[in-house]
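*Asks:* My questions all concern the structure below.
The values are calculated or read from the model by the stated rules, or taken from the named source; none is laboratory data. Keep in mind the model is a prediction, meaning the values are calculated, not measured. Here Cβ is always computed from backbone atoms with ideal geometry, including for glycine, and neighbour counts include all displayed protein chains.
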Amino acid sequence: MAHHTLKTSYSDLVDRLNRFPQGAPPSELLNKILKVLFSEKEAQLVSLLPIKPFTAEKASTSWKLDIATTRKILETLADRALLVDIEQNGQQEYALPPPMAGFFEFSMMRVRNDIDQKALAELFYQYLNVEEDFIRELFTRGETQLGRVFVNEPALSSDNALHVLDYERATEIIETATHIGVGICYCRHKMEHLGRACNAPMDICMTFNTSAASLTKHGHARKIDKIECLDLLQQAYDHNLVQFGENVREDINFICNCCGCCCEAMVAARRFAILNPVHTTNFIPVVNEQLCNGCGKCVNVCPVEEMTLVSANDPHHPNRKKAVLNEDRCLGCGVCVRSCAVKCILLKSRSKRVLTPLNGVHKAVMMAIERGNLQHLIFDNRVLFSHRALAAVLGVLLKIPPIKQAVASQQIKSRFFEKMIQRMKI
C-alpha cells in the first residue's frame, strides 16, 4: 500500500510538471530525481499547485490546510529552491518553476549537504545525456525555444554594433537588472561529480530580476552588483564561453555562460542542430578565405563544432587549409571571431532577423500552442483562477498570427476566444 501511495504522489507530480509548455517526460529516472528533491508529502502537495503564480491563501485553499501550516511548507520549499517566491505589489506570491530552466539547475547552483548532489548529478546525467527524451522534448519541439544565444559583444565591429538591439546585449541585461545573483554552473557542477568537468569557471551562472531576488534571498545564488557581474561576463568572454539566456525581450531571468562540452543547450545544438533547438543571434561569421591561414583556432573554440578545416586547393601550397563554416547550424555567438589571430573572420547580419517573444507570458503561450497544451495554460484550475493572468494570456493570443490563432482556438475549444479574435479582425 505504501509503495502504491509513493508511486501515485510522484506520478501526480510528473503530471503537474507536464502542464508546463516545457515538461518532463515520465521515466523511472525522473521519479528517482524527484524522490531526491521532494518528500512524498511534498510531491503530493506540489502536484496540486497551479502553473501561474499564487498566494499562500490560494495554496491553503487547494491543500485544505490552515494558512500557518501552508506558509511554513511554502517557505520550506522556497528555501530549497523548489519554489520561487516573488513580491508583487506588496503581496508575496509563489511559483513552481519548470524543471529546466528551473529547479533542476537550482538544485546544483550551490554546494549543499541536505541532498546527495553526487547521486543527483549521476541521475541528471543519465536522464538528460543518456536517455535523451527530456532534452529532445525540451529543445526540439515547436519553433519557440526556451533560450537564445547572445552575441559575443567584443567580436562586434563598430558598424554591426549599431544593429544590435538592447535586449540582444548581455551587458544591457546586466545594466538594467533590478536584482543580480551568481551561482555555480549547474552543467559543470554536474560534470564535476562525474569526473568530466572542463576547466571553465564554475561560479559564473547569472540570474536576474525576480529569479535573482528569490535565489539570493534563500542563499542559492550570491548577490552581486553590476560591476562584478560585468567582470564575470568579461571572464566568460576570455574563456570562450557562450552566453545562453532566456528567450524573451523583457525581464530576462538568466544568462548561462556555456561551454560546448558540459552545457545541455550546446550539446542539444550539436545533436539536434537541424531542428534548431537553440535560437541563434542575428549575426553569422564570414571567413575571408584569402587571409585564412588554416591555424584551426576557430575550429577548436566553436561550441557546436560547425567550423571545420578543409583543403584550400592551393596548387602552390598543397597542404594549406582554410576554415569553412556550416551556416545552417551556426549559433552566431562570435566566439570564433575573437579567436582568429589574423582577423580573417567577421560578423555580418543574417538576412532574416530572429524573432524573440516579448516576455515570459508571450513565450509560454507560443510554446504551449506549438506543443499542443495551451488548454493547461488557460484553464489552470488547480487553485482559483487569476483574471489578471487570463488577461495577459489572451492579450498575447490576440497578437499572434492568424494561423497560430486557429491552432490555439482548436486546442482550447473556446467560443469566447473565437469571438475575441473575430472582433479584433473587424
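*Asks:* Can you tell me which residue in the stretch 148-164 is nearest to Asn373 (Cα to Cα), limited to those that are surrounded by fewer than 22 Cβ atoms within 10 Å (Cβ to Cβ) and touching a residue at least 12 places away in the same chain (Cβ under 8 Å)?
*Replies:* My answer is Val164.
*Asks:* When only residues in the stretch 219-236 that are of a type outside the set (A, V, I, L, M) and buried (at least 19 other Cβ atoms within 10 Å of the Cβ) count, which is farthest from Glu75 (Cα to Cα)?
*Replies:* So the residue we want is Cys229.
*Asks:* Failed condition for Cys336, given (1) in the same structural domain as Ala408 (by TED's automatic domain parsing); (2) of a type in the set (A, V, I, L, M, F, W, C); (3) at pLDDT 95 or above, with all others met?
*Replies:* (1)
Condition check ((1) touching a Pro at 6+ places or on another chain (Cβ under 8 Å); (2) closer than 25 Å to Asn18 by Cβ) across all residues:
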{"site": "Asp133", "(1), (2)": "yes, yes"}
{"site": "Leu146", "(1), (2)": "no, yes"}
{"site": "Ser157", "(1), (2)": "no, no"}
{"site": "Ala177", "(1), (2)": "no, no"}
{"site": "Asn199", "(1), (2)": "no, no"}
{"site": "Asp225", "(1), (2)": "no, no"}
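*Asks:* From Lys348, Lys363, Lys352, which residue is modelled with pLDDT under 95 and crowded, with 17+ Cβ neighbours inside 10 Å?
*Replies:* After applying the criteria, what remains is Lys363.
*Asks:* Let me ask something else. Given the structure, is Phe134 closer than 22 Å to Arg338 by Cβ, crowded, with 16+ Cβ neighbours inside 10 Å, among the aromatic types (Phe, Trp, Tyr) and in contact with a Ser or Thr (Cβ under 9 Å, 6 or more places away or on another chain)?
*Replies:* Criteria not met by Phe134.
*Asks:* Of all residues in the stretch 102-144, which are under 17 Å from Asp79 (Cβ atoms), polar (S, T, N, Q) and outside any loop (DSSP other than H, G, I, E, B)?
*Replies:* Residue satisfying the conditions is Gln117 alone.
*Asks:* What are the residues in the stretch 279-330 that are acidic (Asp, Glu) and buried (at least 17 other Cβ atoms within 10 Å of the Cβ), if any?
*Replies:* Within the stretch 279-330, just Glu306 meets the criteria.
*Asks:* Return the only residue of Met206, Met191 being among the hydrophobic types (A, V, I, L, M, F, W, C) and in contact with a strand residue (DSSP E or B) (Cβ under 8 Å, 6 or more places away or on another chain).
*Replies:* When all the criteria are applied, what remains is Met206.
*Asks:* Which members of the stretch 192-210 meet the condition of being assigned to a helix (DSSP H, G or I) and modelled with pLDDT of 95 or more?
*Replies:* Those that are assigned to a helix (DSSP H, G or I) and modelled with pLDDT of 95 or more: Glu192, His193, Asn209.
*Asks:* I've got another one for you. Just for the stretch 49-68: of the residues that are touching a residue at least 60 places away in the same chain (Cβ under 8 Å) and among the polar types (S, T, N, Q), which one is nearest to Leu17 (Cα to Cα)?
*Replies:* Residue satisfying both the conditions and the ranking: Ser62.
Each row is one residue, and each column tells you yes or no for (1) touching a helix residue (DSSP H, G or I) at 6+ places or on another chain (Cβ under 9 Å); (2) touching a residue at least 40 places away in the same chain (Cβ under 8 Å); (3) over 22 Å from Ala268 (Cβ atoms).
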site: Phe38; (1), (2), (3): yes, yes, yes
site: Thr70; (1), (2), (3): yes, no, yes
site: Asp85; (1), (2), (3): yes, yes, yes
site: Leu123; (1), (2), (3): yes, yes, no
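*Asks:* Quick one: in the stretch 179-191, which of the residues that are part of a strand (DSSP E or B) and not β-branched (Val, Ile, Thr) is farthest from Asn240 (Cα to Cα)?
*Replies:* Only one residue tops the list, namely Gly181.
*Asks:* Could you say which residue among Thr178, Thr216, Thr144 is in contact with a helix residue (DSSP H, G or I) (Cβ under 6 Å, 6 or more places away or on another chain) and surrounded by 15 or more Cβ atoms within 10 Å (Cβ to Cβ)?
*Replies:* Thr144
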